[in-house]
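S.K.: One structure, as structure tokens, below. Some questions next.
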Amino acid sequence: MNPERRDSAAAPEPVIAAIATALGGAVAIVRVSGRDAPAVATRLWQGSPPLPELPPRTLTLGRVCDRDGQPLDRVLAVRFPGGASYTGEPMVEFHAHGGPAGARAILEALYVAGARPAAPGEFTRRAFLNGRLDLTQAEAVADLIAANSRLALKQAEIHLEGRFGRLVRNLHRETGRLAAETEARLDFPEEPLSLATPAALAEDCRRLAEDCLALAGRQRWGDLLRHGATVVLAGPPNAGKSSLLNALLGRDRALVTPVPGTTRDTIEELAEIRGLPVWLVDTAGLRHTEEPVELAGIARARAHLAGAAVILWIMDATQPLAAQHPDAGAEWDGRRLLPVLNKCDLASPTLPLPWPAAYPPVTISVLTGAGLEALEEAVAGLLTAGNAAAGDLPAPNQRQAALLERAAAALRDAASRLASESWETAAVALRDAAAQLGRILGLTHTPDLLDTIFSRFCIGK
């Protein structure tokens with residue numbers, strides 16, 4: 001199925017309704033979409049003019065009532081005509097007071113009037129099926145809702161405005177051009193056509209393959225923004241790990257006492273560091289102990305170290321640093337270990353060598369706040385290493401990157417076939433490359449794929 005346009009002769013989709021905002025705020029928006037959405041919403045509306053005659057995209061004050069005519073709420077209604085709405089279908093929204101009881105009452109009244117509950121992501125799914133968004137933009141809507149940091153929000157906006165989709169569409173168009181030139185030699189073998197040489201076609205395939213791989217290579221940056229990076233606070237007891245967690249969060253999250261070994265379990269909290277989403281993990285102090293609860297906490301700490309993107313090894317600057325050296329072990333292999341000297345307001349020691357870190361120590365004082373900005377800058381630098389220029393560039397998700405890599409492999413295969421003038425097999429490889437790129441945009445899709453993508457969405461979006 002080509003989802004760029006729905007078949008106009010097909011049976012209309014049923015009217016759907018859902019609350020599109022979180023309950024408990026100042027305003028609750030109840031959204032209705034479908035060919036008969038104005039007719040369904042009219043059964044609740046009391047106001048002038050009648051709801052189907054409301055000026056498009058203009059808020060109008062009125063009331064909504066249940067089927068017995070009993071007022072449910074005083075609302076602002078807005079009508080969106082088909083083809084000029086989020087879903088591409090006629091839509092109506094009621095902007096009601098934010099109390100959950102009133103919003104749910106309006107929703108139940110809409111069900112009685114003929115609407116059905118919207119499935120998760122169904123409004124955006126209809127927008128995709130009606131050609132209002134391509135699949136990359138639809139996925140960006142979910143990223144926008146889930147964004148946990150300023151840079152994640154910016155990346156979602158880049159995709160939603162269509163920059164990633166345009167890059168893929170250009171690759172798809174160029175691949176289609178190469179496929180057409182290749183197949184022309186099969187369809188008109190005796191005609192004196194003015195076509196590119198096999199070597200030129202092969203070079204174009206290799207260039208497009210490199211473009212696909214370059215775009216796929218930005219997945220790491222996209223994963224960082226979409227899912228966040230794990231930054232583990234580790235080190236000996238009483239070095240200030242929990243105090244640093246509280247300082248980075250800007251609130252008291254972890255219990256802090258002068259007693260070594262206070263932290264027994266791990267504490268995970270989402271924070272934003274220089275616009276990046278970061279999962280901060282406070283861990284039990286690493287030391288030799290026979291106490292069973294503390295041993296369990298240390299085991300959990302080591303498990304988190306193994307999966308950390310960055311390890312902040314925090315030491316007490318007032319104590320001998322040689323005794324606070326991390327144990328040699330597999331968890332350090334290939335890890336990003338950043339030494340942090342806390343309590344620099346009380347002492348200024350020199351880090352003894354050798355040290356299992358490629359980076360110089362950052363000196364801080366959690367008590368005074370000294371060095372915290374430098375620490376955040378160092379963490380952000382480690383997380384963005386190799387992605388310094390990626391902030392304003394589209395970054396694919398895992399699905400999109402995998403399809404780009406498959407397209408690149410098919411293009412490389414086509415290049416080798418073209419070089420030997422194996423036109424038929426080259427055409428097959430080029431059609432495969434075009435198909436992979438088309439799947440990114442949603443030019444071809446299956447219901448299972450759409451179910452998987454839109455299941456991530458909340459109801460009402």
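The values are calculated or read from the model by the stated rules, or taken from the named source; none is laboratory data. Quantities reported herein were computed from a predicted structural model and do not represent experimental measurements. Cβ atoms come from the backbone with ideal geometry, glycine included; neighbour counts cover every protein chain shown. Areas reflect the complete protein model, heavy atoms only, side chains present, ligands, DNA and RNA absent. Shrake-Rupley method; radii C 1.70, N 1.55, O 1.52, S 1.80 Å.
S.K.: What's the center-to-center distance, using Cα atoms, between segment 402-450 and segment 97-129 in Å?
M.R.: Centre-to-centre (Cα) distance: 40 Å.
S.K.: Give me the lysines in straight-line cross-link reach of residue 343: C-alpha distance below 17 Å, same-chain residues under 8 apart excluded.
M.R.: Within the straight-line cut-off, residue 343 pairs with 241.
S.K.: Related question: Quick one: with all protein chains in place, what share of the accessible area of segment 7-71 is carbon or sulfur, to the nearest percent (1.4 Å probe)?
M.R.: 51 percent
S.K.: In addition: Calculate, in nm to one decimal, what residue 359 and residue 203 gain on full extension: separation in residues at 0.36 nm each, minus their alpha carbon distance.
M.R.: Stretched out fully, the residue 359 to residue 203 stretch lengthens by 51.9 nm.
S.K.: Using 0.36 nm times the number of residues separating residue 59 and residue 196, minus their current alpha carbon distance, what extension gain do you get?
M.R.: My answer for the length gained is 43.6 nm.
S.K.: Once you have the Kirkwood Rh of the chain from its Cα pairs, apply Stokes-Einstein at 25 °C and 0.890 mPa s and quote D in µm²/s.
M.R.: Diffusion coefficient, whole number: 93 µm²/s.
S.K.: Grab the other residues whose beta carbon is less than 13 angstrom from that of residue 410, score K and R as +1, D and E as -1, and report the net.
M.R.: +3
S.K.: Cβ under 11 Å from residue 426's Cβ, residue 426 left aside: what net charge do those residues give with Lys, Arg +1 and Asp, Glu -1?
M.R.: Charge balance near residue 426 sits at -3.
S.K.: I'd like to know which of 280, 162, 444 lies farthest towards the positive end of the charge dipole of the chain, counting +1 on Cβ of Lys and Arg and -1 on Cβ of Asp and Glu.
M.R.: 162
S.K.: Rounded to the nearest 20 Debye, what is the dipole magnitude of the chain about its Cα centre when Lys and Arg each give +1 and Asp and Glu each give -1 at the C-beta?
M.R.: 960 debye
S.K.: Follow-up question, since we're still on this one. Give the longest segment of the chain that steers clear of GluC sites (Glu not before Pro) in DSSP loops with at most 14 neighbouring Cβ atoms within 10 Å, not counting the sites themselves.
M.R.: Of all site-free stretches, the longest is 5-160.
S.K.: Same structure again: Can you give the calculated 222 nm mean residue ellipticity of the chain, where each DSSP H run of n ≥ 4 adds -39,500 (n - 2.57) and the sum is split over every residue, rounded to the nearest 500 deg cm²/dmol?
M.R.: About -13000 deg cm²/dmol.
S.K.: Can I ask one more? Assuming R0 = 30 Å, can you tell me the calculated FRET efficiency for the pair residue 370 and residue 145, based on Cβ-Cβ distance, to the nearest 0.05?
M.R.: Efficiency, from the Cβ-Cβ distance: 0.20.
S.K.: Rounded to the nearest 20 debye, what is the charge dipole size of segment 362-451 about its Cα centre when +1 sits on each Lys and Arg Cβ and -1 on each Asp and Glu Cβ?
M.R.: Charge dipole of segment 362-451: 300 debye, to the nearest 20.
S.K.: Further question on the same structure: Around residue 42, with a cut-off of 11 angstrom between Cβ atoms, what is the net charge of the other residues, counting Lys and Arg +1 and Asp and Glu -1?
M.R.: Result for the local shell: 0.
S.K.: Right, something else. Kindly work out what percent of the DSSP beta bridges joining two residues of the chain are antiparallel, to the nearest 5.
M.R.: Here the share of antiparallel DSSP bridges comes out near 60 percent.
S.K.: Set the Förster distance to 56 Å, then compute FRET efficiency between residue 154 and residue 68 from the Cβ-Cβ distance, nearest 0.05.
M.R.: FRET efficiency, residue 154 to residue 68: 0.70.
S.K.: Straight-line reach from residue 154: which lysines have Cα under 24 Å away, leaving out those fewer than 8 places along the same chain?
M.R.: 461
S.K.: Select from 65, 119, 153 the residue farthest towards the positive end of the dipole of the chain; place +1 on Cβ of Lys and Arg, -1 on Cβ of Asp and Glu, and compute about the Cα centre.
M.R.: The residue sitting farthest along the positive end of the dipole is 65.
S.K.: Just to be sure I understand the rule: take each whole DSSP H helix in the chain, project its Cα atoms onto its long axis, keep it if the span is 18 Å or more and its mean Kyte-Doolittle hydropathy is at least -1.0. Which ones pass?
M.R.: Answer set is 100-113, 163-187, 198-216, 292-306, 398-419, 423-441.
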